[in-house]
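Since the structure comes first, as structure tokens, the remarks are kept for the end.
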């Protein structure tokens, strides 16, 4: 069982949320740029690149979902630790 403060857990959960939001925003920007480029760059290489980007975005969506679940669980553990008055998270 790890010994850690609930504040450290909350800080990590918040950092994880911020990282996910930042990645989402950056990916959305790339998707928009690729879509715009597709207006003039519409050949087999574009199609291949676009398909790879779509696959990556699918994987990232799965990661975002898992990160949200993990963040929620971390916040619950931190709250439970506060209530119990201890510092052990298992």
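Residue 42 meets all of the listed conditions (1) modelled with pLDDT under 95; (2) within 14 Å of the chain's Cα centre (by Cα) but one, namely (2). Selection over segment 31-49 of residues that are assigned to a helix (DSSP H, G or I) and exposed (fewer than 13 other Cβ atoms within 10 Å of the Cβ) gives a count of 8. Selection of segment 1-16 for residues being surrounded by fewer than 15 Cβ atoms within 10 Å (Cβ to Cβ), outside any strand (DSSP E or B) and either modelled with pLDDT of 90 or more or in contact with a strand residue (DSSP E or B) (Cβ under 6 Å, 6 or more places away or on another chain) (or both) yields 1, 7, 8, 11, 14, 15.
The values are calculated or read from the model by the stated rules, or taken from the named source; none is laboratory data. All values derive from a computational prediction rather than experimental measurement. No Cβ is skipped: glycine too gets one built from the backbone with ideal geometry, and neighbour counts run over all protein chains shown.
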